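Asker: Starting off with a structure, shown below.
Values in this text are rule-based calculations from the coordinates and carry no lab data. It should be emphasised that the depicted structure is a prediction, and the values quoted were computed from it without experimental measurement. Methodologically, a virtual Cβ is constructed for each residue, glycine included, from the backbone with ideal geometry; neighbour enumeration extends over all protein chains shown.
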Amino acid sequence: MLSKDELTDGINFVLKHPGGAGAPVYWMEKLRGDVARHWFESFRRSDWAALLAEASGVFLSPVSTELADRTFRKLRCVVIQPQRLTSADLN
């Protein structure tokens, strides 16, 4: 469940998928309000079809592995790992 503060201030959602050479690729966005609530509920229900269909409109920029790792260590975040998603789906 997302807290009221996380909905108001935003929480990082990290989309992680396997890259072409097996190294993971990360995309990250700070989502707020109804968008965060919608994504969290889709994630919680494992609604992969909805997440895959909507990902390109939400996750706009890839991030480095270092930035993703730092985010995992220092901040609470939601990590989504759909196995069928590729970078081409987000471009």
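Asker: Residue by residue through region 36-48, what is 3J(HN,Hα) from phi via Karplus (6.51 cos²θ - 1.76 cosθ + 1.60, θ = phi - 60°)? Round to whole Hz and write x for glycine and proline.
Answerer: 4, 4, 4, 5, 5, 5, 4, 5, 4, 7, 6, 7, 5
Asker: Right, next: Any chance you could run the full-extension gain for ARG44 through LYS30? It's 0.36 nm times the residue separation minus the Cα-Cα distance, nm to one decimal. Write out the running numbers ahead of the final one.
Answerer: Values: separation 14, 0.36 × 14 = 5.04 nm, distance 1.75 nm.
Between ARG44 and LYS30, full extension yields an extra 3.3 nm.
Asker: Also: Which ³J(HN,Hα) values in Hz, rounded to whole numbers, follow from the phi angles of region 28-35 under the Karplus curve 6.51 cos²θ - 1.76 cosθ + 1.60, where θ = phi - 60° and Gly and Pro get x?
Answerer: 9, 9, 8, 9, 10, x, 4, 5
Asker: Given points 7 Å out from each Cα along the Cα-Cβ axis, report the SER56 to VAL79 separation in nanometres with one decimal.
Answerer: For SER56 paired with VAL79, the spin-label model returns 2.7 nm.
Asker: Let me ask something additional. Among all stretches of the chain without exposed trypsin sites (Lys or Arg not before Pro) (DSSP loop, at most 11 other Cβ atoms within 10 Å), which one is longest? All intermediate terms of the calculation are to be shown ahead of the outcome.
Answerer: Details: sites that count: ARG45, ARG76, ARG84.
Of all site-free stretches, the longest is 1-44.
Asker: For LYS4, list the lysines whose Cα falls under 23 Å from its own Cα; do not include residues on the same chain fewer than 8 positions away.
Answerer: Leaving aside lysines fewer than 8 places away in the same chain, those within reach of LYS4 are LYS30, LYS74.
Asker: For region 4-85, treating each Cα as an identical point scatterer without solvent, what Debye log10 I(q)/I(0) comes out at q = 0.15, 0.20, 0.23 1/Å?
Answerer: -0.51, -0.91, -1.19
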